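Take a look at the structure below.
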Amino acid sequence: MEANEVVWIGDTWITIPGIQHTRVRDLARVAGSLGPDEDYVNLAGPYLYMADVAELYDTREAGETQVKVVLMDGGTWDTIRGNGSDASVNGAANAFEQFLSKVASDGTVEHIVYFLVPELPLIPGVAALRPRVRQACEQSVVPCHFLDLQPLWADPDPDDAEYTDSSGIQASAEGARVIADEIWRIMQTYCIAQ
């Protein structure tokens, strides 16, 4: 698999502080899954609704290189903007389900790794979104590996710094490391882009 066939899509939980994707890249280089000058494609952007995240995939898939692996988050900016309402949760979950259907119909993606942010006071609706996106992942035609950050944030390593930064809404550098390590663990377990 080529490095440019592995694509990150999502929102600020990928871009802030930004080491989430570079650490996965570095771990892949150490393991020999990537060459020393290779990198995965990072299309994540700030404050995106789930439908916007799906558009990132659509744009890449429509280009010259087809996507084979998607590493992603998404859906919580929908719930933040909707203050955790049922409508915002349903909208995010429905958009994710539509995304999974589109990916399946395209027929090029071999794996999706989706992570859901933890329940934080400034991110309403995560608890309601979790079962919907987990179930969508489990029922996906394309293997979708669901990474729930809630257990990790609920029981952090006491020797580590806080996993959430001072804004109360983003991962800290230590939290980003945890995200990257868990994504890489999933990639190794399921031989994704190895």
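Each reported figure results from applying straightforward, stated rules to the coordinates on display, with no laboratory input. Only a predicted model underlies this, so the values are computations on that prediction, with no experimental measurement involved. Here the Cβ positions follow ideal geometry from the backbone for every residue, glycine too, while neighbour counts run over all protein chains shown.
Things to note:
- Here the Gaussian network model covers the chain, with springs between Cα atoms less than 10 Å apart; of Thr15, Thr59, Thr108, Thr59 fluctuates the most.
- Volume of the Cα convex hull of segment 56-113, divided per residue and given in Å³: 74
- For the chain, modelled as a GNM whose springs connect Cα atoms under 10 angstrom apart, the maximal fluctuation among Pro121, Pro143, Pro46 occurs at Pro121.
- Within the shell defined by Cβ-Cβ distances under 14 Å, the residues around Ile183 carry a net charge of -1, with Lys and Arg each +1 and Asp and Glu each -1.
- Charged neighbours of Asn4, selected by a Cβ distance under 12 Å, balance to -3 (K, R count +1; D, E count -1).
- Contour excess over end-to-end distance, with Cα ends at Ala87 and Ser166 and 0.36 nm allotted per residue: 25.5 nm
- Any cysteine of the chain lacking a neighbouring Cys Cβ under 4.7 Å - listed by number: Cys191
- Full extension of the chain between Val141 and Val30 gives 36.8 nm of extra length, using 0.36 nm per residue less the Cα-Cα distance.
- Placed amide H near Asn42: partners under 5 Å, 5+ positions off or other chain: Trp8
- Taking θ as phi - 60° and the Karplus parameters 6.51, -1.76 and 1.60, the scalar couplings of segment 37-50 work out to 10, 8, 8, 7, 7, 10, 10, 4, x, x, 6, 9, 5, 4 Hz in sequence order, x denoting glycine and proline.
- Surface/4 estimate of mean projected area, convex hull on alpha-carbon atoms of segment 3-189, nm²: 10.1
- Springs between Cα atoms under 10 Å define the GNM used for the chain, and in it the highest mean-square fluctuation of Val126, Val24, Val141 occurs at Val141.
- Distance from the Cα centroid of segment 1-20 to that of segment 62-136 is 15 Å (rounded to whole angstrom).
- Local net charge near Ile14, Cβ-Cβ under 12 Å (Lys/Arg +1, Asp/Glu -1): -1
- Karplus (6.51, -1.76, 1.60) ³J(HN,Hα), θ = phi - 60°, over segment 165-180, in Hz, Gly and Pro reported as x: 6, 5, 6, x, 9, 10, 6, 7, 4, 5, x, 4, 4, 4, 4, 4
- The charge dipole of the chain, taken about its Cα centre with unit charges on the Cβ atoms of Lys, Arg (+1), Asp and Glu (-1) only, comes to about 300 debye.
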